[in-house]
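Asker: One structure, as structure tokens, below. Some questions next.
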Amino acid sequence: MSIQDNDTIQIAGAGPAGLVSAITLVRAGKKVVVHEAKPNVGWRFKRDLQGLENWTTKQDVLQELDDMGITTDFDYLPCKQGMTFDRTGHKHPIRSEFPIFYMVERGPNVGSLDHALLKQAQQLGVEVRFNSRVKQLPYPAILATGPKAADAIAVGYHFETDMEDGYWVICDDELAPGGYAYLLIWNGKGTVKSCMFNDFKHEQRYVQRTVTAFQRLVDLEMKKPVAHGGVGNFYIPTQICSGNRPVIGEQAGFQDTLWGFGMRYAINSGILAAKSILTGAKCSAMWFSKYKSLLEVSVVNRVLYNDFYHFGSKWFLKYVSRHPDVRHFLHRQYNPMFIKKLLYPWAKLRIKSLRNDSACHHVDCECVWCRMGSDR
Ligand SMILES: Cc1cc2nc3c(=O)[nH]c(=O)nc-3n(C[C@H](O)[C@H](O)[C@H](O)COP(=O)(O)OP(=O)(O)OC[C@H]3O[C@@H](n4cnc5c(N)ncnc54)[C@H](O)[C@@H]3O)c2cc1C
């Protein structure tokens, strides 16, 4: 279905996916209204520090944003050198010539990614309606309402600190089952989290162990700690439309299954959804030709990590740490090479997303999740 010139395009969700769609559409001369359920952008993140990954493409992610007409007018810390620890506490430094990721702040504060996207959208003429929880959307519309199940959780604290900027990662099931514990420090602020893929029931035990481990290994110092946590949803959909409306970002399940990096997928899917509305092209076809194999590789990487990491954690980190350029190493691991394509059907059987109902996208739906879980 094509849109008329005077149609207003409705977008549900003012996360990176929704705002990037809105920016792309309004720059093409369309009228856009974004509905946001919360009183401001980035509400579920408060002032979380996150990494905008920079290894899946050779091109730098900030250059990519620039080329797509998306603002880079947010604060960021280019992250090259860092420190990883195996479960015995051995250090394995990692390094790269170019940033492996850019540390950014999430939430409504000036300088955050969310604030910059909101500002760009509003300056271009997008109307953003806060406290507007969408239940039904007429066409033309885009659904960008964030995760709808918890395949992984990241739990810990935000805090203030005098520690120097940097990032540290511990790969140890005793701290983060199936995942990793991480510490990010930037400009007097910090985030410490256990990112776990199972045993959520005992999250507090893992958070406590994570804090203790970072205190022991890097003298973690937290002032005014505030508890924070969130969920992540990984899922490779068979189609990314609800009716004829594109579904994007984490609502569609788009997220790196290995480490839980979702911002870049959210942004890229926002661009594609806008383009599909502008050109009438099939959104699913555009998405799948560009990103499906990358997502599938991340599923294979997760299963390999799950199944073999336990036998060689120390060896694995030692191997990575010997690599002169970890960005390059990661780029190769995310390359949809033949062997990974071959392994995908096996890996898919091993990974079960908690999001069982591929047909439900929250809007226009009366399923139990939509009736009972809408205030997540
Ligand atoms: C603790 C934590 C740490 C993370 N760290 C990283 C990281 O380091 N790097 C990385 O790349 N990714 C990270 N992620 C994942 C990343 O934050 C998400 O993948 C990304 O924010 C998804 O963007 P989105 O626009 O799809 O959804 P969101 O950012 O969740 O935005 C969706 C918006 O929709 C709104 N909404 C929901 N329902 C409705 C409705 N019915 N009507 C109107 N509005 C609605 C929500 O309030 C929200 O503002 C992390 C996630 C968590 C929880």
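Asker: What do you reckon, is PHE261 out of contact with any strand residue (DSSP E or B) (no Cβ under 8 Å at 6 or more places or on another chain) and aromatic (Phe, Trp, Tyr)? Outline the logic, then answer.
Answerer: On the way: out of contact with any strand residue (DSSP E or B) (no Cβ under 8 Å at 6 or more places or on another chain): no; aromatic (Phe, Trp, Tyr): yes.
Taking the combined requirement at face value, the residue does not satisfy it.
Asker: Next question, about the same structure. If we keep just the residues of the range 73-82 that are closer than 16 Å to VAL169 by Cβ and away from the ligand (no atom under 15 Å from the Cβ), which is surrounded by the most Cβ atoms within 10 Å (Cβ to Cβ)?
Answerer: LYS80
Asker: So, one more: Looking at VAL104, is it surrounded by 14 or more Cβ atoms within 10 Å (Cβ to Cβ), more than 25 Å from PHE159 (Cα to Cα) and among the hydrophobic types (A, V, I, L, M, F, W, C)? I'd like the intermediate steps shown before the answer.
Answerer: Values: surrounded by 14 or more Cβ atoms within 10 Å (Cβ to Cβ): yes; more than 25 Å from PHE159 (Cα to Cα): no; among the hydrophobic types (A, V, I, L, M, F, W, C): yes.
It is false that VAL104 is surrounded by 14 or more Cβ atoms within 10 Å (Cβ to Cβ), more than 25 Å from PHE159 (Cα to Cα) and among the hydrophobic types (A, V, I, L, M, F, W, C).
Asker: If VAL104 satisfies every condition in (1) in a strand (DSSP E or B); (2) within 10 Å of the ligand (Cβ to nearest atom); (3) closer than 28 Å to LYS282 by Cα but one, which is the exception?
Answerer: So VAL104 meets the others, but not (3).
Asker: When residues of the range 185-218 are filtered for being among the acidic types (Asp, Glu) and within 16 Å of the ligand (Cβ to nearest atom), how many remain?
Answerer: Filtering the range 185-218 for residues among the acidic types (Asp, Glu) gives 199, 203.
From what's left, within 16 Å of the ligand (Cβ to nearest atom): 203.
Looking only at that region, the number is 1.
Asker: Could you list, ordered by first residue, the pairs with Cβ atoms under 6 Å in which the first is in the range 139-166 and touching a residue at least 60 places away in the same chain (Cβ under 8 Å) and the second is part of a loop (DSSP other than H, G, I, E, B) and among the acidic types (Asp, Glu), at least 6 apart or interchain?
Answerer: Going by the 6 Å Cβ cut-off, the qualifying pairs are PRO140/ASP7; THR161/GLU221.
Asker: Could you give every pair whose Cβ atoms fall below 6 Å, whose first residue belongs to the range 271-287 and is crowded, with 23+ Cβ neighbours inside 10 Å, and whose second residue is among the small types (Gly, Ala, Ser), counting only separations of at least 6 or pairs across chains?
Answerer: Close Cβ pairs satisfying both conditions: ALA273/SER21; ALA274/SER21; CYS283/ALA273; CYS283/SER276.
Asker: Now, a different point. Checking the condition in contact (Cβ under 8 Å) with a residue 12 or more places away in the chain, over 27 Å from ASN335 (Cβ atoms) and surrounded by 15 or more Cβ atoms within 10 Å (Cβ to Cβ), which residue from ILE94, ILE70, ILE3 passes?
Answerer: Numbers: ILE94 fails: over 27 Å from ASN335 (Cβ atoms); ILE70 fails: over 27 Å from ASN335 (Cβ atoms).
Testing whether each residue is in contact (Cβ under 8 Å) with a residue 12 or more places away in the chain, over 27 Å from ASN335 (Cβ atoms) and surrounded by 15 or more Cβ atoms within 10 Å (Cβ to Cβ) leaves just ILE3.
Asker: Given (1) within 18 Å of PRO336 (Cα to Cα); (2) surrounded by fewer than 20 Cβ atoms within 10 Å (Cβ to Cβ), where does THR212 come up short, assuming only one miss?
Answerer: Of (1) within 18 Å of PRO336 (Cα to Cα); (2) surrounded by fewer than 20 Cβ atoms within 10 Å (Cβ to Cβ), only one is false for THR212: (1).
Asker: Could you list, in sequence order, the residues of the range 219-247 that are near the ligand (Cβ under 8 Å from one of its atoms) and more than 25 Å from LYS340 (Cβ to Cβ)?
Answerer: HIS228, GLY229, GLY230, VAL231, listed by residue number.
Asker: Restricting to the range 36-59, name every residue that is over 17 Å from the mean Cα position of the chain (by Cα) and surrounded by fewer than 17 Cβ atoms within 10 Å (Cβ to Cβ).
Answerer: Across the range 36-59, the qualifying residues are LYS38, PRO39, ASN40, LYS58, GLN59.
Asker: Residues GLY42, GLY29, GLY89, GLY69: which one is within 24 Å of GLU164 (Cα to Cα) and small (Gly, Ala, Ser)? Outline the logic, then answer.
Answerer: Working: GLY42 fails: within 24 Å of GLU164 (Cα to Cα); GLY29 fails: within 24 Å of GLU164 (Cα to Cα); GLY69 fails: within 24 Å of GLU164 (Cα to Cα).
Just one listed residue meets the conditions, GLY89.
Asker: Still on this structure, I have one more. Exactly one condition in (1) in contact with a Gly (Cβ under 9 Å, 6 or more places away or on another chain); (2) over 15 Å from MET83 (Cα atoms) is false for TRP168; which is it?
Answerer: It fails just one condition, (2).
Matching residues to (1) modelled with pLDDT under 90; (2) within 15 Å of the ligand (Cβ to nearest atom); (3) not in a helix (DSSP H, G or I):
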{"residue": "SER313", "(1), (2), (3)": "yes, no, no"}
{"residue": "PRO324", "(1), (2), (3)": "no, no, yes"}
{"residue": "HIS328", "(1), (2), (3)": "no, no, no"}
{"residue": "ASN335", "(1), (2), (3)": "yes, no, yes"}
{"residue": "LEU342", "(1), (2), (3)": "no, no, no"}
{"residue": "CYS360", "(1), (2), (3)": "yes, yes, yes"}
{"residue": "ARG376", "(1), (2), (3)": "yes, yes, yes"}
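Asker: Hey, another quick one. Restricting to the range 109-154, count the residues that are surrounded by fewer than 18 Cβ atoms within 10 Å (Cβ to Cβ) and farther than 20 Å from ILE248 by Cα.
Answerer: 9
Asker: Here is a follow-up. Over 30 Å from PRO177 (Cβ atoms), within 12 Å of the ligand (Cβ to nearest atom), modelled with pLDDT of 95 or more and hydrophobic (A, V, I, L, M, F, W, C): does that describe ALA37?
Answerer: yes
Asker: Let me ask something additional. Among the residues of the range 162-173, which ones are part of a loop (DSSP other than H, G, I, E, B) and at pLDDT 95 or above?
Answerer: Of the residues in the range 162-173, the ones part of a loop (DSSP other than H, G, I, E, B) are 162-165, 171-173.
Within the range 162-173, ASP162, MET163, GLU164, ASP165 qualify.
Asker: If you check ALA273, ALA252, which single one turns out to be touching a His at 6+ places or on another chain (Cβ under 9 Å), within 12 Å of the ligand (Cβ to nearest atom) and in the same structural domain as ASP114 (by TED's automatic domain parsing)?
Answerer: Exactly one residue qualifies, and that residue is ALA252.
The values are calculated or read from the model by the stated rules, or taken from the named source; none is laboratory data. All of these numbers come straight from a predicted model, not from anything done at the bench. With ideal geometry, Cβ positions are generated from the backbone for all residues, glycine too; neighbour counts draw on all protein chains shown.
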